[in-house]
Amino acid sequence: MAADDSPTPFRDELVARGHLIPSGQPGVFGRGDEFERVCTGFDRLVDDAVAPDGAERLRFPPLVPKLSIERVGYLKSFPDLIGAVFGFRGDEAEAAEMAQTAWEHGDWSGHLRQMDVTLTPAGCYPCYPAVAARGRLAADGALLDLGPCSVFRNEPSDDPARLQAFRMREVVRIGTPEQVLEWRERWMRRAQDVFARVELDADVDVANDPFFGRGGRMLAKNQRALQLKFEVLAPIATNAPTAISSFNYHQDHFGHAFGIERHDGEVAHSACLGFGLERVAMALMRRHGTDVGSWPSDVMRELRLDGPRP
Ligand code: AMP
Ligand code: ZN
């Protein structure tokens, strides 16, 4: 990032317009009504694109069993991003001690124990054990529309596009390698059509996840070489392009971790796509301005911002 390419002026503009509501913690914002209408409008465009495929609609809460995080090896790849959940199981005397320490803004973490859930770090994680529990897949595999999934990542930042709590609009395909790769190809083209409808120039590029540490650098290199991850990129708070949507091929990683069987008894492969709803809304504001009322009428119509409020 160039010295003069700071993300904070755009963040401050979003706040001044009432699109983002600061919480006092970096990357944790409330959302104003207009901002939310842009997110919802874009989500509906994705609905329209998903519908013809007849995906099964499922919804999951923003918590996953800790066991799932352990099974997928999340802590090997992203120990720095996890949000574990801790709770209190002590007696009244200890509760009083904890409350007093908290009242004085001291460290009350010693009174807590880790719970059997964590915050969900990626929208699709809860769906794999659910699919595995159904038994073998049908011959045409599975296609799941998970809707906007609330997720958490421990990456506090001044960049408004790097949130700690955000929503991914996720769709997941599970089946043979051919089925999931064909689906991912089709969706990478489709996503560009969706972005074109809201006049967002979106470049697709091969990408890697931010794997942790020195070992992570090898994983990232491998992921790129095998083209396991693609991203659609657009400028948001800085001129450096930011991922607004991702297309991931997991090979048989989740199939193995959760025991998902194809119709022929082989381990299932999977792919997912995620549109970052807040990032898309911010990319649109970067492109068309933070005054949503002055956006091109075609874009307003596509996002259903021109009609009465729902
Ligand atoms: P990923 O699982 O990292 O590929 O994320 C899926 C999508 O979520 C990305 O394409 C982004 O649009 C969005 N996203 C990822 N990280 C963040 C973040 N820290 N803040 C806001 N959106 C994010
Ligand atoms: Zn996913």
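The values are calculated or read from the model by the stated rules, or taken from the named source; none is laboratory data. Remember, predicted model here, so these are calculated numbers, not experimental data. Don't worry about glycine lacking a Cβ; one is built from the backbone with ideal geometry, like all the others, and counts go over all protein chains shown. For accessibility, only protein heavy atoms count, side chains too; no ligands or nucleic acids. Shrake-Rupley method; radii C 1.70, N 1.55, O 1.52, S 1.80 Å.
Tally the residues that are in a helix (DSSP H, G or I) and open to solvent by 50 Å² or more (accessible area, probe 1.4 Å), restricting the search to segment 294-310.
Matching residues across segment 294-310 total 5.
Among the candidates ARG153, ARG134, ARG169, which residue alone is of a type in the set (D, E, K, R) and away from ligand 2 (no atom under 16 Å from the Cβ)?
Of ARG153, ARG134, ARG169, the one residue that is of a type in the set (D, E, K, R) and away from ligand 2 (no atom under 16 Å from the Cβ) is ARG134.
Looking at segment 125-140, which of the residues that are more than 26 Å from the chain's Cα centre (by Cα) and more than 14 Å from GLU56 (Cβ to Cβ) is surrounded by the most Cβ atoms within 10 Å (Cβ to Cβ)?
The residue in question is ARG136.
Could you please give the count of residues in segment 253-288 that are over 30 Å from LEU14 (Cβ atoms), under 22 Å from the mean Cα position of the chain (by Cα) and not hydroxyl-bearing (Ser, Thr, Tyr)?
Qualifying residue count for the region: 7.
Give just the number: which of (1) surrounded by fewer than 18 Cβ atoms within 10 Å (Cβ to Cβ); (2) of a type outside the set (A, V, I, L, M, F, W, C); (3) under 26 Å from VAL292 (Cβ atoms) does GLY147 not satisfy?
That leaves (1) as the condition not met.
Return the only residue of LEU146, LEU137 being assigned by TED's automatic domain parsing to the domain that holds ALA220, within 18 Å of ARG173 (Cα to Cα) and touching a Cys at 6+ places or on another chain (Cβ under 7 Å).
The unique qualifying residue is LEU146.
So that you can scan it fast, the table gives a plain yes or no per residue for (1) without any contact (Cβ under 8 Å) to a residue 12 or more places away in the chain; (2) in a strand (DSSP E or B); (3) touching a Leu at 6+ places or on another chain (Cβ under 9 Å); (4) open to solvent by 50 Å² or more (accessible area, probe 1.4 Å):
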site: PRO160; (1), (2), (3), (4): no, no, yes, no
site: LEU163; (1), (2), (3), (4): no, no, no, no
site: MET168; (1), (2), (3), (4): no, yes, yes, no
site: ARG173; (1), (2), (3), (4): no, yes, yes, no
site: TRP183; (1), (2), (3), (4): no, no, yes, no
site: ARG186; (1), (2), (3), (4): yes, no, no, yes
site: ARG189; (1), (2), (3), (4): yes, no, no, yes
site: ASP193; (1), (2), (3), (4): no, no, no, yes
site: GLU199; (1), (2), (3), (4): no, no, yes, yes
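Please go through segment 52-92 and give me each residue that is open to solvent by less than 70 Å² (accessible area, probe 1.4 Å), part of a helix (DSSP H, G or I) and aliphatic (A, V, I, L, M), ordered by number.
Correct list: ILE69 only.
Looking at segment 275-293 only, could you name the residues that are within 16 Å of ligand 2 (Cβ to nearest atom), open to solvent by 10 Å² or more (accessible area, probe 1.4 Å) and not basic (Lys, Arg)?
GLY276
Give the residues of segment 275-296 that are more than 16 Å from ASN239 (Cα to Cα) and of a type in the set (Gly, Ala, Ser), sorted by residue number.
If the condition is that a residue be more than 16 Å from ASN239 (Cα to Cα) and of a type in the set (Gly, Ala, Ser), then GLY276, ALA281, GLY293, SER294 are the ones that fit.
Being at pLDDT 95 or above, assigned by TED's automatic domain parsing to the domain that holds PHE42 and surrounded by fewer than 18 Cβ atoms within 10 Å (Cβ to Cβ): is that true of GLY255 here?
Spelling it out, it is not the case that GLY255 is at pLDDT 95 or above, assigned by TED's automatic domain parsing to the domain that holds PHE42 and surrounded by fewer than 18 Cβ atoms within 10 Å (Cβ to Cβ).
Just to be sure I understand, how many residues within segment 212-268 are among the polar types (S, T, N, Q) and within 16 Å of ligand 2 (Cβ to nearest atom)?
Final tally of qualifying residues: 5.
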